[in-house]
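The values are calculated or read from the model by the stated rules, or taken from the named source; none is laboratory data. Predicted model, so just to flag it, every value in this text is computed and none were measured. Positions of Cβ are generated from backbone atoms using ideal geometry, with glycine treated the same way; all protein chains shown enter the neighbour counts. Ligands, DNA and RNA are excluded from the accessible area calculation, which covers all protein heavy atoms including side chains. Shrake-Rupley method; radii C 1.70, N 1.55, O 1.52, S 1.80 Å.
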Amino acid sequence: MPEMIINQLNFYPDFDSIDSKFDFYQVTTSEKFIKFGATFLDSLNPDIIKAIAFETGKTFYILTRKESTSTGQLSNLVQNMEDGNTLSFSKFETKKLPLHILLQLFLNSIGASESQYFSFNNLTGKLFLYNKAWQSTDKEGKIWSLQVLEVKITKDMCLQLKAHLMSSILLKKEMEFKKRKFADYPQYTFANTNNTLRRVSKTELNQNDNFILKSVNDKKANIPFFDFSDYKKFAATKIGCLYAVMNIVKEKYSNYFNIDFEKSEITKTLKTTRTELEKYKDHVESVILENGINFIDVIESSTSGEYLHDIEEKIKELIPDIKTSFSKQLSKTKLNIRYIKDKSCYVSEEDPHQNDLSGFAVQHITNNYSKDSQAATYNILKELAIKNDLQQKKITIQDWTLYGFKSDWIFGIKEDQSFKFMKIHPDGTFVIEKAERDLFNQNEYDKYMELYESSTTEDKVLAIIKDSEGSINLIRDTNIYSLPDFESVGKILNEVAKTEKLSGDLLKEILPEYSNKFEGEKEYSKTDILKMFPSKTEKQNIVETIFKDTRIRLHSYLRNKESREEYFTGITDINYILKDEKSAFYCVGEVGNGMKNTLERACVVRKIEVLEGRNIFEELLPLMEVEFVRYGMLTVLPFPIKYLREDK
């Protein structure tokens, strides 16, 4: 069976070897906790300290090379730092260190490593990677913001790659400081020409070139998860960072520990094509044609009417014969597009998002809608088709009967302080029932409602599923995600990126049937050779032949079926992993057939927990083989959950 690589690490330390070369120290504050951005986390001499690791709470850990300093000297250094009088200091046995802390210390210690694309920065007890591709500059080259990637090992040995934004302190007036004051934020600047970041001293505070780890206007950091177009783009992604970190760690510390990623055997894979996924579009168009669209302008500004007419034109480009109207009232006979402001612009009592829309099929739009995007326009139309299903109490966007279910299914979610359940009959008709938590109202769902309240962020209950025989399964979140075979892909892309030339004589020998294309003493670059063969098939054969004979790789072919199955198992299609009778896992990736070179987000692995009866989730895998929930992508939860969330 194929295997899926996940971000859970297998870590095998050689404690004797580690103890022969390194010392570890624990530093604990007498205060309630170590304050955010505490100065002492960045104050220790880097010539003595190899790394510091800090999560949260009262304690941080130090890694030093053995004999670089004595315990007494290091204790004096700590005591003499700012707030050092609150810190207690002790040497710590390696075997007693939590494994995730031990590994994090070694990861944090690679800060002095050199790389063509990255700087590695052990700042405030964490490891941050920086790539120049992640900076935002103006015409004069002034850096106003930059992204950094935190590499973190969790307590359950999962590797997390979390993107953060650093912003110039010149933008502080555009930032909102609620939990912490501006002065509480550590400030950072570039240390030298290799783009290493460092924390500034007190005398350097508030200089124009300083940054703080905070975004402007709640802007989100957005480092792509994976791009295999070429090595440079690969290096600007989370997976490219992981490739660099793992190579350095293995090179530096192979004598002290072994490390690899867990692999899970895939029980079942569902593969589909873009053609199959887009079949629902014919139904959407028929629903729109049959019902027509009524536009309502709630904003009534000087430009809002024109804005709605522009949307009308875009829809008519897709469906020319549609009947439309404009009015101030919702229509019960037509589908409604209602133009309102973003939710943040309203106080609760005025918010039209909260209006009672029962009896109407309504899709709200705001000025975030892109009029020039055909995908955005079609997204509105398919949302209207779903709203129409909710009014008709029947799933029609997908023919439910084709799934072959012989009995009812129940799907449940928690929404604010209430719970909603959708019972779907074999013919696709359904009822949605809302249940408020009431200690005096015991109903059939009460026994598992409380599961939502007891779950944490990492194992959050996302949905409840029940069949007609009483089996109950939970879908839970995890902090696990699937990985491509990044070591092989990185190696291939790195080989292609190398500047190498081949002589005409060598090419004549390797490719005798094309000897007339090459001059004996002339040297040919990779680009020169590829340009000679316009045929894709011929070009691929040439690339494979040259690589086989010379180990020089001219080009990568990573999107074909063979490469997808070898390198991208787990990040493509729908993969199901049966662990035992009471648990299973699944993840939903990119559509493998015709996949793009870029994946913006990781494919989260979710857990199926059997609460009562048997595992019933495998029967529902096809309910995620649709693209009308996340336009252009497979959905990560069975699509009836979308209906529950859209029902108001």
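Simple spin-label estimate for LYS58 and LEU171 gives 3.8 nm between the two label positions (7 Å along the Cα-to-Cβ direction from each Cα). Helix 280-291 and the longest principal axis of the C-alpha atoms of the chain enclose an angle of approximately 40°.
Mean projected area of the Cα convex hull of the range 185-265, taken over all directions, amounts to 9.7 nm².
Per residue, the average separation of C-alpha pairs within less than 8 Å and at least 6 apart gives the chain a relative contact order of 13 percent. Overall shape: oblate for the range 1-87, with the ratio a/c of the largest to smallest alpha carbon gyration tensor axis at 1.5 or above and b/c at least equal to a/b. As a fraction of the 1.4 Å probe accessible area of the chain, surface on carbon and sulfur atoms comes out at 45 percent. With Cα atoms defining each centre, the range 171-243 and the range 285-360 are spaced 41 Å apart in the structure. Label the range 156-313 by shape, choosing from rounded, prolate and oblate, from the square roots a ≥ b ≥ c of the eigenvalues of the Cα gyration tensor; if a/c is under 1.5 it is rounded, and otherwise prolate applies when a/b is larger than b/c, oblate when it is not. It is oblate, given that a/c is not under 1.5 and a/b is not larger than b/c.
The tail of the calculated P(r) for the range 1-146, taken as Cα-Cα distances beyond 24 Å, holds 41 percent of the pairs. Over the chain, the hull volume per residue, using the convex hull of the C-alpha atoms, is 229 Å³.
Which shape class, rounded, prolate or oblate, goes with the range 280-435 when its Cα gyration tensor gives a ≥ b ≥ c as root eigenvalues, a/c under 1.5 marks rounded, and past that a/b bigger than b/c marks prolate? Oblate is the answer for the range 280-435, as a/c is 1.5 or above yet b/c matches or exceeds a/b. With R₀ set to 25 Å, the beta-carbon distance separating ASP19 from LYS491 gives a calculated FRET efficiency near 0.15.
Here HIS283 and ASP459 are evaluated by their C-beta separation; at R0 = 41 Å the FRET efficiency comes out at 0.65. Report the one residue of CYS603, GLN374, TYR188 whose Cα lies farthest in the direction of the positive end of the charge dipole of the chain (charges on C-beta: Lys and Arg +1, Asp and Glu -1; origin at the Cα centre). Of the options given, the answer is TYR188.
Per the Debye formula on identical point scatterers at the alpha carbon atoms of the range 485-623, with no solvent, log10 I(q)/I(0) at q = 0.10, 0.13, 0.14, 0.19 Å⁻¹ is -0.52, -0.70, -0.76, -1.09. For the range 193-295, trypsin sites (Lys or Arg not before Pro) meeting the loop criterion (DSSP other than H, G, I, E, B) and having at most 15 other Cβ atoms within 10 Å: LYS219, LYS220, LYS271, LYS279. Relative to the longest principal axis of the Cα atoms of the chain, the long axis of helix 238-253 lies at roughly 30 degrees.
Would you mind getting me the FRET efficiency between LEU318 and ARG601? Use the beta-carbon distance for r and R0 = 22 Å, nearest 0.05. Can you show the working numbers first?
Values: r = 28 Å, r/R0 = 1.26.
That pair, LEU318 with ARG601, gives E of 0.20.
For LYS179 and ASP47 in the same chain, what is the full-extension length gain: residue separation times 0.36 nm, less their Cα-Cα distance, in nm?
Contour length minus the Cα-Cα distance gives 44.0 nm.
A straight chain from LEU451 to VAL431 at 0.36 nm per residue would run longer than the Cα-Cα distance by 4.9 nm.
Per-residue extension of 0.36 nm, minus the Cα-Cα distance of ASN208 and SER327, leaves a gain of 37.5 nm for this segment. Sorting the segments 482-495, 135-148, 42-55, 1-14 by their mean number of nearby beta carbons within 10 angstrom, highest to lowest, gives 482-495, 42-55, 1-14, 135-148.
As an equivalent ellipsoid, the range 19-60 spans semi-axes of 21, 13, 8 angstrom, where each value is the square root of five times an eigenvalue of the C-alpha gyration tensor, largest first.
Once the 1.4 Å probe is applied to the protein heavy atoms, the range 502-648 comes out at 48 Å² accessible per residue. Among the chymotrypsin sites (Phe, Trp or Tyr not before Pro) in the range 531-639, those placed in a DSSP loop whose Cβ has at most 14 other Cβ atoms within 10 Å are TYR557, TYR631. Amide H contacts of ALA191: THR196, LEU197, ARG198, each under 5 Å away and 5 or more positions distant or on a separate chain (H built 1.01 Å from N in the peptide plane; Pro and chain starts excluded). Counting only the backbone N, which residues of the range 47-82 are under 14 Å from the spot 7 Å out from the Cα of PHE11 toward its beta-carbon? Once the point is set 7 Å along Cα→Cβ of PHE11, 52-55, 61-63 turn out to lie under 14 Å by backbone N, inside the range 47-82. Applying both filters, DSSP loop and at most 15 other Cβ atoms within 10 Å, to the chymotrypsin sites (Phe, Trp or Tyr not before Pro) of the range 333-434 gives TYR346.
Heavy atoms of the protein chains alone define the surface here; on that basis the range 142-236 has 54 Å² accessible area per residue at 1.4 Å probe size.
Compute the long axis of helix 99-108 from its Cα atoms, compare it with the longest principal axis of the Cα atoms of the chain, and write down the angle in degrees, 0 to 90, nearest 10. Helix 99-108 and the main axis of the chain meet at about 70 degrees.
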